[in-house]
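Have a look at the structure below before the remarks.
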Amino acid sequence: MRLTDAQVRQFHTEGWLFLPDLFSPEEVAVLREEAEAIYREDRPEIWREKSGAPRTAFAAHTYNEAFRILAAHPRMIGPIEQVFGERLYMHQFKINAKAAFTGDVWQWHQDYGTWARDDGMPEPRAMNISVFLDEVMPINGPLMLIPRSHRHGVLEAGHDTETTSYPLWTLDEATVTRLVEEGGIVAPTGRPGGMLMFHGNLVHGSAPNITPYPRKIVYLTLNAVSNRIRRPTRPEWIAHRDFAPIEPVADDALLRYARSRRQEAE
């Protein structure tokens, strides 16, 4: 799994890249089923909206086999190692729900701002990559990105602990307006199995989901091993302390797991 030269250029220029249909329907189906089972559990790693609907499930790769495989999948790891030019470790892993009708807003923010302030990450040599488990449409709260906003470095932010159930370092309206005037807004959409990767400083957010269509997305935060966090303040299941390089599994590992689960159910 390697990006083309044109894809690498787009990533560095725009700050994001979307790869459609990276995982097959069979692979996605088992991930979706197991995500829904995880949301039914009562665990400290699972954060819920004020309504009680699931918002995000952290560290699922540490207690679920399907997501353990995904966390080390070469289709996820290879492109990021290519961009950073070194080995990676898992800084954070989460499954964001954006539930039908009740999925709440994610305010405008930069991910690296949080990683630097809360975890002591030295440089923005970490990246979020995401796999769509449901179809992401213009109407069900897609992630909105401000292209080229990563070029502005770490922006001033305020710590919002009240708007939603999840505290976030957010940007003010004047800053977002200025960035949008420069770069516009894009909202990558696509079928389940697509993968989105975006720079740690790219400004992004998402609107509430008031449709009947859920929007589950798995996020892997992959950090260069040399860029390990120095001053973590959050629980280990949010900001991991295992800095060992990820050893990729076989490319067909998730497919084999999906088929074994189907055989068990028959």
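The values are calculated or read from the model by the stated rules, or taken from the named source; none is laboratory data. Given the structure is predicted, the values throughout are model-derived calculations rather than measurements. Cβ atoms come from the backbone with ideal geometry, glycine included; neighbour counts cover every protein chain shown. All accessible areas refer to the heavy atoms of the entire protein, side chains included, with ligands and DNA or RNA removed. Shrake-Rupley method; radii C 1.70, N 1.55, O 1.52, S 1.80 Å.
Filter the range 30-59 for residues that are open to solvent by less than 40 Å² (accessible area, probe 1.4 Å) and of a type in the set (Phe, Trp, Tyr); which is farthest from Val131 (Cα to Cα)? Across the range 30-59, the extreme among qualifying residues is Tyr39. Being touching a strand residue (DSSP E or B) at 6+ places or on another chain (Cβ under 6 Å) and more than 24 Å from Phe67 (Cβ to Cβ) is a property that holds for Val186.
Selection of strands (runs of 3 or more DSSP E) fully inside the range 49-119 by the criterion of at least 1 residues being among the β-branched types (Val, Ile, Thr) and within 15 Å of the chain's Cα centre (by Cα) returns 54-58, 88-96.
Being closer than 22 Å to Val131 by Cβ and surrounded by fewer than 22 Cβ atoms within 10 Å (Cβ to Cβ) is a property that holds for Pro188. Do we have Asp242 as modelled with pLDDT of 95 or more and either in contact with a Ser or Thr (Cβ under 7 Å, 6 or more places away or on another chain) or open to solvent by 20 Å² or more (accessible area, probe 1.4 Å) (or both) here? Here the answer is yes, as Asp242 does meet what is asked. Within the span defined as the range 13-24, one or more residues are at negative phi, open to solvent by 50 Å² or more (accessible area, probe 1.4 Å), part of a loop (DSSP other than H, G, I, E, B) and not charged (D, E, K, R).
Among the residues here, Val180 does not qualify as in contact (Cβ under 8 Å) with a residue 24 or more places away in the chain, open to solvent by 20 Å² or more (accessible area, probe 1.4 Å) and out of contact with any Ser or Thr (no Cβ under 9 Å at 6 or more places or on another chain).
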